[in-house]
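Heads up: the structure comes next, in structure tokens.
What follows is calculated from the coordinates using simple rules that are stated; it is not laboratory data. Everything numeric in this text was worked out from a predicted model, so none of it was measured. Reconstructed Cβ throughout: ideal geometry from the backbone, glycine too, with neighbour counts over all protein chains shown.
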Amino acid sequence: MAELLEKDRLFIGGEWVAPQGGEVIEVVSPHTEKVFGRVPHASRADVDRAVAAARKAFDEGPWPRMPLAERLAVITRIKDGLAARAEELARLISSENGSPISFSLMAQGFGPVMIWDTYLQVARDHAFQERRDGVLGPILVRREPAGVVAAVVPWNVPQFTAAAKLAPALAAGCTAVLKPSPEAPLDSYLLAEVVAEAGLPEGVLSILPADREVSEYLVGHPGVDKVSFTGSVAAGKRIMEVAARNLTRVTLELGGKSAAVLLPDADLDAAVTTLMGASYMNNGQACVAQTRVLVPASRYEEIAERMVAAVGELTVGDPLDDATKIGPLVAQRQQKRSLDYIRLGQEEGAKVLTGGGVPSSQPTGWYVEPTLLGGVDNRMRVAREEIFGPVVGLIPYADEAEALRIANDSEYGLSGSVWTADVRKGIEFASRVRTGTISVNTFSLDFRGPFGGFKNSGLGREFGPEGLAAYLEDKTVNLPQGWTDSE
């Protein structure tokens with residue numbers, strides 16, 4: 001994008017208002033290293049104003065009291081508005097974070113639309129109230145909106161994660177304050193435009209780009225009832241600590257170090273082809289990336305050769321070029337992080353099979369070559385710590401029992417995959433892996449199923465009815481014996 005994209009207002013309670021402070025966020029292209037956008041940096045005073053608007057809209061406004069069909073009609077207009085601008089959204093996010101447009105068109109553009117659309121059906125099917133026969137008399141179990149939601153989203157898939165939080169929150173009848181990352185705030189302005197056109201009532205949604213300090217103030221705000229966060233483990237633990245002061249409910253979708261387990265009878269053509277996308281997606285900037293590839297020692301050389309050849313075919317370049325498969329990392333600090341881990345892996349005894357440095361073809365930009373490390377031991381830091389870059393490790397195992405032990409020997413448990421000629425065997429193996437989602441002979445994320453992590457990968461679930469339930473509170477209404485609906 002050649003033109004400078006400048007915004008001077010914040011979207012608070014459905015209105016474009018002047019920020020309370022004078023700070024700005026400069027958005028730097030990871031490809032050109034030049035500033036291409038500026039937005040206001042929200043202050044604590046802006047948070048107070050946004051939370052007050054959300055609080056009033058929830059306590060006094062029509063949104064939580066509106067019939068479900070009417071709420072879903074507004075959400076349908078939001079979904080349709082995003083669909084009409086999906087390609088624009090994808091290109092904008094690729095410009096912000098370096099996501100290759102070949103990946104971005106689906107994950108950054110149409111992926112969020114699919115999430116909004118899925119929650120429309122999930123909400124229609126949900127039992128917001130049910131009658132039960134209690135021990136002492138009939139009871140009604142009601143699922144009511146949790147209240148004011150603070151939704152804090154990362155820079156890697158900003159609208160995807162925003163949709164995963166806002167769609168169920170709004171469908172439940174909650175009001176919300178969305179806090180985008182300072183690395184990728186511009187796409188949130190497009191969302192605000194769509195929301196305004198959709199006719200969302202006053203106060204229901206505010207959007208405040210800001211840094212960690214303001215984010216912490218938001219999640220600790222006494223006017224917030226529920227926090228939903230996607231990001232690092234360290235940040236998630238801090239958010240949980242701050243939210244605990246008010247006993248604020250939290251959903252945390254955190255990091256991963258997922259294992260792709262190739263069993264001895266795996267179809268290598270299918271596995272290696274799929275793992276190029278599953279392991280290097282979004283330049284490795286994905287919490288679900290399959291960054292530990294476990295392979296039988298008896299087939300190690302064969303698999304390593306196939307993987308090296310496949311990685312070598314991943315085109316590195318301008319994220320807005322249709323041919324690009326690996327773009328730049330979002331910031332110079334992320335480039336340095338990946339390069340530091342590659343060096344550390346070598347010091348620990350791993351071998352760079354391909355990649356390992358900065359591509360000579362890119363004189364500017366925060367690029368790292370897609371890298372495959374061989375001979376990785378699961379005790380190495382490169383096998384235990386989330387790198388969040390295009391760095392994948394091959395880990396040999398002796399037998400299936402050792403493969404399972406290695407897969408589970410991690411502080412994380414977010415995603416994973418199993419590859420075998422026997423699907424039933426794959427399902428059985430998958431059932432023993434301590435992870436929130438796992439695929440057999442494929443790699444996918446289905447919005448109808450719950451998504452989240454075991455262990456340090458987080459708390460709670462997004463997507464499916466479980467994701468909607470995260471924004472609802474259960475209430476029991478006890479009724480007198482003998483009461484019937486006919487009275």
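Structure summary
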quantity: Separation between Cα centres of the range 269-322 and the range 409-487, rounded to whole Å; calculated: 27 Å
quantity: Net charge of Cβ neighbours under 9 Å - reference R38; Lys, Arg +1; Asp, Glu -1; calculated: -2
quantity: Across K7/K325; K325/K425; K56/K79; K79/K179; K179/K336; K34/K351, pairs whose alpha-carbon gap is larger than 28 Å; calculated: K7/K325; K325/K425; K34/K351
quantity: Furthest towards positive pole of dipole, S258, A54, L247, structure part the chain, Cβ charges; calculated: L247
quantity: Options W366, V152, Q334, ranked by Cα towards positive dipole end of the chain, top entry (Cβ charges); calculated: V152
quantity: Along principal axes, Cα extents of the range 271-419, largest first, whole Å; calculated: 45, 27, 26
quantity: Highest average packing first - 289-301, 232-244, Cβ atoms within 10 Å; calculated: 289-301, 232-244
quantity: Amide H contacts under 5 Å for T251, placed H, 5+ residues apart; calculated: V227, S228, F229
quantity: Size of the range 169-217 as Cα extents on the principal axes (Å, biggest first); calculated: 30, 21, 16
quantity: Against the rule of thumb 2.2 N^0.38 Å, how large the Cα Rg of the range 359-476 comes out; calculated: 1.31
quantity: Relative packing of 179-192, 73-86, which averages over residues the other C-beta atoms within 10 Å, highest first; calculated: 179-192, 73-86
quantity: Helix 86-97 vs. the chain, principal-axis angle (Cα, 0 to 90°, nearest 10); calculated: 60 degrees
quantity: Given charges at beta-carbon only (K, R positive; D, E negative), |dipole| of the range 259-440 in Debye; calculated: 520 debye
quantity: 3J(HN,Hα) from dihedral phi, the range 201-211, Karplus parametrisation 6.51/-1.76/1.60, rounded to Hz, x for glycine, proline; calculated: x, 4, x, 6, 9, 10, 10, 10, x, 6, 8
quantity: Sum of side-chain charges, I93 neighbourhood, beta-carbon under 13 Å (Lys, Arg +1; Asp, Glu -1); calculated: -3
quantity: By average C-beta atoms within 10 angstrom, highest first, the peptides 194-202, 104-112; calculated: 104-112, 194-202
quantity: Cβ-based exposure ranking for V152, V113, V423, in which fewest neighbours within 10 Å come first; calculated: V423, V113, V152
